[in-house]
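Taking it in order: structure first as structure tokens, then the write-up.
Just so it is clear, none of the values below were taken in a lab; they were calculated from the coordinates. Given the structure is predicted, the values throughout are model-derived calculations rather than measurements. In this analysis, Cβ positions are derived from the backbone assuming ideal geometry, glycine residues included, and neighbour counts consider all displayed protein chains.
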Amino acid sequence: MNLTSSEARRMKAAMAEMFDRGAATYDRVGVEFFGPMGRELVRRADLRPGQRVVDVGCGRGAVLLPAAAAVGPTGRAIGIDLAPRMVELTRAEARAAGLTQVQVEVADAEAPPLPETAWDAVLAGLVLFLLPAPLEALRAYRRLLRPGGRVGFTTFAAHDLRFTDALRVLAQHLPDGERQSPTAAQEGLFATPESTAALLETAGYRRVTVEEATFRSQFRDVEHWMTWAWSHGARALLERIPTERLPAALADASRVLTRVGGDLVLTTTVRFAFGVRAAQ
């Protein structure tokens, strides 16, 4: 994105406010979605007891909490997020779980205010493609890593066709002149495994790997899917649909989601990308 600094600040503030409005239910509506993806990112990161890890854009802890478990009480896991309510709730959950190695703070995922060359890993679960300047963010993460430390992040590779079609028909109910691309996360720097790898290499990483895995999410019914959609990033689209248009919009999305029949199970393919900060 070619944004001015003021435009980027406004974009980040609006995003933080939107995620704050959904923080209480984010990843807490009875659907296995972010959790399995976060645990798999941590598994592939191969964290060890005693290590120090940063989770940028930590949300409700889908990556942070399993990362904390992996580094154990002798390690350190710090999560940062720009949404204060997300931070508050995740901090409380970590404390309730007795994870004394966890720290959660409000901070910008593009420029974490943390000591440089002090961390074994920097992880980012489904956040980089939301940032105005992901390349600069990756360069910032590289400065945080000790020589030989790893960055690891996920991005969406492919959504279930019913999901993208549901967002498309919802977007048709936006006010005249507004547009919403349901495939924004697929475009540009993160469009392919090759472009994702090139992004890491441009940011200065070595031994880059990019792999994909597919996850299944089961919903009880369309109403359950709608509750889930309101709880995460799709809320940004739903909030922009005028109140008087919402019933028709939701009816159109329902027809798309149920057109196949049977259980409402959606698949999501996620891309796992890793790079290493070379030794100095």
Length gained, Glu116-Gln103, 0.36 nm per residue minus C-alpha separation, equals 3.0 nm
Exposure proxy check on His224, His159: fewest-to-most Cβ neighbours within 10 Å is His224, His159
Sparse-neighbourhood loop hits (trypsin sites (Lys or Arg not before Pro), segment 251-280; DSSP loop; Cβ within 10 Å at most 11 others) -> Arg259
Using eta = 1.002 mPa s and T = 20 °C, Stokes-Einstein with Kirkwood Rh from Cα pairs puts D for the chain, in µm² s⁻¹, at 111 µm²/s
By Cβ neighbour count within 10 Å, fewest first, Thr155, Thr214 rank Thr214, Thr155
Along principal axes, largest first, the alpha-carbon spread of segment 100-210 in whole Å comes out as 49, 32, 26
Neighbour-count ranking for Tyr26, Tyr141 (other C-beta within 10 angstrom, fewest to most) reads Tyr26, Tyr141
Checked segment 134-280 against the a/c 1.5 cut and the a/b vs b/c comparison, axes a ≥ b ≥ c from its Cα gyration tensor; verdict prolate
Rounded to two decimals, the Rg over Rh value of segment 1-134 from Cα coordinates and the Kirkwood Rh reads 0.96
